[in-house]
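Throughout, read-outs are computed from the coordinates displayed, never taken from laboratory work. Note that the coordinates shown come from a computational prediction; the quantities given were computed from them, not determined experimentally. Here Cβ is always computed from backbone atoms with ideal geometry, including for glycine, and neighbour counts include all displayed protein chains.
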Amino acid sequence: MIHFLSSLKLNARAWRAKNKTLFERFEILRRIASIVVPEYRFKWPQLLWWENKSFFDYAKRYNEDQGNNLDRRWTVHQFLRLVEFIEGDTAEIGVYQGAMSHLILAANQGAKHHHLFDSFEGLSHPDGIDGDHWHAGDLACDEASVIHNLSRFKPNFTTHKGWVPDRFEDITHHQFCFVHIDVDIYQPTRDAIAFFYPRTNPGGIILCDDYGCTTCPGATKACDDYLADKPEKMIALPDGGGFFIKGIRTGQPAQVGNDEKNEPPFPG
């Protein structure tokens, strides 16, 4: 490893050299990672949205401009364009500091009301199905901080403090166009999707931030269990999370390579 790093001449001057292109610096990182964390998959860095100043100003506000959630935030930022002309309110279940609700409210532009559901005391007690990553009280953020973070959007949102699903009765008669579920564990995820599914208008989107994440097996199972007898199925996103569009019948995932039975690869 020492010899490998030495061969790259990885010193401060070389790293910051003006003649080092983004791609060249990326290659240095990729080669280091291939030794340190060989399971990690890099992606190409030449992404136009990385140059979006407005988006990164927003990310810095929540200390996420270098964080792991950037791709998810950008994805939701784009998804919200799909529901601009769908009737209904928006909602987030599990809001933490309000970063995702910020995006939703910015997209709503006052035309839709946004509902935030959270205990503001962190996660409830995980069950065995949730694995051992999460613990009760994780991800706590007080309600006042969230309201402060979103103050520029007043009065276009309402916070509903309480454990899922206790406060859902506040909005029993509302309809929705976009719902973001981010509660990490099985039971509140299942309760949330069960409540909002029949109240989401055709063309509306329900997105689960935790779907397909190895740290959140319970949330993934909750979505699949609830949709088992529904025409819609979750579409897994490459950076974690999954979604479906209400009223759009969804096919099963295609086989794209050899599996354990040595079946032929997916054509194409």
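In degrees between 0 and 90, to the nearest 10, how far off the longest principal axis of the chain does helix 22-36 point, with axes built from Cα atoms?
So the inclination is approximately 90 degrees.
Sum -39500 (n - 2.57) across every DSSP H segment of at least 4 residues in the chain, then divide by the residue count to get the 222 nm mean residue ellipticity, nearest 500.
Working: 9 runs with 84 residues, N = 268.
Here the helix-only value at 222 nm equals -9000 deg cm²/dmol.
Hey, got the dipole for region 152-268? About the Cα centre, +1 on K and R Cβ, -1 on D and E Cβ, debye to the nearest 20? Provide the component values of the computation, followed by the final result.
Details: 12 positive and 16 negative charges, 106 e Å.
In total the dipole reaches around 500 debye.
Tally Lys and Arg at +1 and Asp and Glu at -1 over the other residues with C-beta under 12 Å from the C-beta of SER34: what net charge comes out? Mind dumping the intermediate values first?
Values: positive: ARG30, ARG31, ARG41; negative: GLU27, GLU39.
Neighbour charge sum, excluding SER34 itself: +1.
Expressed as a rounded percentage, what relative contact order does the chain have, with Cα pairs under 8 Å and six or more residues apart?
Working: 402 pairs, mean separation 38.6, N = 268.
Over the chain, the number comes to 14 percent.
Taking the Cα centre of the chain as origin, work out the dipole magnitude from +1 charges on Lys and Arg Cβ and -1 charges on Asp and Glu Cβ, in debye rounded to 20.
Details: 29 positive and 36 negative charges, 331 e Å.
Dipole of the chain, to the nearest 20 debye: 1600 debye.
Within the chain, how many Lys pairs sit with Cα atoms under 16 Å apart, leaving out pairs fewer than 8 places apart on the same chain?
On the way: LYS9/LYS18; LYS9/LYS20; LYS112/LYS154; LYS221/LYS230; LYS221/LYS233; LYS230/LYS246; LYS233/LYS246.
Number of lysine pairs found: 7.
Take peptides 169-175, 196-202, 142-148 and line them up by average Cβ neighbours within 10 Å, highest first, as a rough protection proxy. Display every interim value, and only then the final one.
On the way: 169-175: 12.0, 196-202: 17.3, 142-148: 14.4.
So the peptides 169-175, 196-202, 142-148, ranked by packing, come out 196-202, 142-148, 169-175.
Given the C-alpha centroids of region 206-260 and region 82-108, what is the distance between them in whole angstrom?
Comparing the Cα centres of region 206-260 and region 82-108, I get a distance of 21 Å.
Which angle from 0 to 90°, rounded to the nearest 10, does the C-alpha axis of helix 99-108 make with the longest principal axis of the chain?
Its long axis makes an angle of about 60 degrees.
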